[in-house]
Each structure stands twice: as C-alpha cells, then as structure tokens.
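Colleague: Next up is a structure, given as structure tokens.
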Amino acid sequence: QAPVTGLHMLFCDSIEEFDRVIKIDGISKVIGFRIQLPKMHSRFGIAVEKFENFQAIISRTRLLKDKAELGFHHHMPSWDIGLKRWKKSFETLLTWCNTVTQLTGVPVKHLDLGGGFFPTDLEKISFNWIQDLAREALPQLESIYFEPGRSLTQEGEALVSRILDVRRDNDNHVSEIVVDACIAELPLIQAYPHRVFYCSRSSE
C-alpha cells in the first residue's frame with residue numbers, strides 16, 4: 001500500500017526506520033528521532049549512549065536540511081522514574097539536542113516530552129521552567145508537546161475483560177480468576193491496589 005503522507009510529526013524509533021521514511025516525499029513536516037538517554041532503560045528509542053547510534057543520528061540529521069524540520073521525542077514516564085529524575089532527564093535531553101544542532105547546523109524546532117504522568121505530577125511541574133530552560137538551550141525551538149492522557153483519565157480509568165476460567169479450591173472457594181487481559185493493561189499491579197468488580201450472568 002502507498003505510505004501515508006502529510007503528517008505533522010514523525011519520530012523514528014530506529015535509524016533503519018529513518019532511512020525508510022526519508023525517501024518518501026512529503027511524508028511529514030517534522031521528522032526526528034525518539035531517543036533513549038544514557039542510564040534510562042526503555043524499550044523505546046535509539047540509545048544515544050552507543051557512539052555508533054549518535055554518529056548515525058548526526059549523519060541522518062544533515063539529510064533533513066531541505067526536507068523537513070527536526071524534532072526529538074523522549075518518552076520516560078514520571079510514574080516509572082519519579083518526577084525529580086524526570087526533570088533531570090529533560091535537562092539531559094536538551095544537552096543532547098543542543099549538541100546535535102551544533103554538530104549539524106540543523107536547529108531542533110520541536111520537542112515531544114511524552115506522557116506517563118500521574119495526575120498529581122502535572123500539578124507539580126512548572127511549565128514556565130520547562131519553557132525557559134528549553135528556550136535557553138534551543139533558541140530556535142518552536143513547539144513543546146506533552147501527552148497528558150494518563151494524567152487526565154487515570155482516576156476514572158476502567159479495564160473491562162472477559163472471564164476465561166474460574167478456579168476453585170477443595171472447599172469450593174474461588175482461588176483464581178483467569179481473565180483475557182495481560183499485565184501491561186494493569187500498570188503497577190504489584191505496587192498499587194486495583195479494585196475488581198465482577199458482573200455475573202444474572203448481572204449482579
């Protein structure tokens with residue numbers, strides 16, 4: 001099928017993905033990389049602590065001069081690392097972005113700081129601090145994006161799942177209920193209580 005074009009932003013999770021999309025005319029106004037910062041373990045992004053990866057980002061960024069604006073995406077949720085460490089990771093991100101601009105002459109114009117914030121985290125973050133720090137490090141920055149979905153919906157979130165099996169012990173007490181959902185759909189299941197509601201066939 002023909003690729004989708006005319007996107008606003010496209011962040012590549014690998015150098016191989018960038019090499020594919022850069023060949024497609026008009027694919028996106030902004031093209032960039034989702035990066036994984038040093039000592040920040042994530043399944044997302046290009047690990048810039050590997051020198052060959054950073055070299056590749058530099059060489060690919062130079063290809064953008066006439067094709068698209070440059071952006072970077074960093075997804076490291078505060079619920080996973082804590083708000084204090086998240087702020088440090090943001091400062092580190094700006095350092096890496098500034099280095100890319102200095103080495104390539106291509107300004108970073110867009111930053112996506114991802115999501116994964118607890119509802120109370122957004123109340124503690126100073127957006128003025130974020131903007132001031134970003135402007136100082138990246139003078140040509142035009143846009144900063146947040147993905148606040150979790151923080152807006154978490155307190156009212158519900159997961160509905162079909163029950164596959166009910167297991168009982170020798171006294172006929174329910175010992176386990178097997179549902180059609182995985183651990184990824186129940187975040188922090190071992191750290192926080194999750195209320196469970198059961199609806200029987202009689203709708204009780």
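The values are calculated or read from the model by the stated rules, or taken from the named source; none is laboratory data. Everything quoted here is computed from the prediction, not taken from an experiment. With ideal geometry, Cβ positions are generated from the backbone for all residues, glycine too; neighbour counts draw on all protein chains shown. The protein model used for the area step is the full one, side chains on, heavy atoms only, and it has no ligands, DNA or RNA in it. Shrake-Rupley method; radii C 1.70, N 1.55, O 1.52, S 1.80 Å.
Colleague: What is the percent carbon and sulfur in the accessible area of the chain, measuring with a 1.4 Å probe over the protein chains and ignoring ligands?
Modeller: 50 percent
Colleague: Now for a different question. What are the principal axis extents of the Cα atoms in region 95-173, in Å, biggest first?
Modeller: Largest first, region 95-173 extends 71, 28, 18 Å along its Cα principal axes.
Colleague: Solvent-accessible area of Arg60, probe 1.4 Å, all protein chains present, reported in Å² to the nearest ten, please.
Modeller: Rounded to the nearest 10, that gives 60 Å².
Colleague: A follow-up question, please. Once Lys and Arg get +1 and Asp and Glu get -1 on their Cβ, which of Ser126, Ala68, Ser151 lies farthest toward the positive end of the dipole of the chain?
Modeller: Among Ser126, Ala68, Ser151, the one farthest towards the positive end of the dipole of the chain is Ala68.
Colleague: Same structure, new question: Using a Gaussian network model of the chain with C-alpha springs under 10 Å, which one of Ile163, Ile46, Ile15 is most mobile by mean-square fluctuation?
Modeller: Of Ile163, Ile46, Ile15, the Gaussian network model singles out Ile163 as fluctuating most.
Colleague: Enter the angle in degrees (range 0 to 90, nearest 10) between the Cα long axis of helix 51-61 and the first principal axis of the Cα atoms of the chain, meaning the one along which they spread out most.
Modeller: It is inclined by approximately 70 degrees.
Colleague: Eigenvalues of the Cα gyration tensor times 5, then square-rooted: what semi-axes does that give for region 1-50, in whole angstrom, largest first?
Modeller: Semi-axes, largest first: 24, 10, 8 Å.
Colleague: Calculate how steeply helix 127-137 sits against the longest principal axis of the alpha-carbon atoms of the chain, using the helix alpha-carbon long axis, and give the answer as 0 to 90 degrees to the nearest 10.
Modeller: 30 degrees
Colleague: What is the ratio of the Cα radius of gyration of region 43-144 to 2.2 N^0.38 Å, where N is its residue count, to two decimals?
Modeller: Here the Cα radius of gyration is 1.11 times the empirical estimate.
Colleague: Output needed: percent of Cα pairs per 5 Å distance bin for the chain, bins running from 0 to the one holding the longest distance.
Modeller: 1, 6, 13, 15, 15, 12, 10, 8, 6, 5, 4, 3, 1, 0, 0
Colleague: Heavy-atom accessible area per residue, region 1-106, 1.4 Å probe: how many Å²?
Modeller: On the way: 5710 Å² over 106 residues.
Per-residue value: 54 Å².
Colleague: Which of Pro148, Pro107, Pro193 ends up with the largest GNM mean-square fluctuation for the chain, with Cα atoms connected below 10 Å?
Modeller: Fluctuation is largest for Pro193.
Colleague: Could I ask something else about it? Out of Gly71, Gly45, Gly82, any idea which swings most in a Gaussian network model of the chain, alpha carbons joined below 10 Å?
Modeller: Gly82
Colleague: Please give the charge dipole size of the chain, origin at the Cα centre, charges +1 on K and R Cβ atoms and -1 on D and E Cβ atoms. Round to the nearest 20 debye.
Modeller: Magnitude of the dipole: close to 520 debye.
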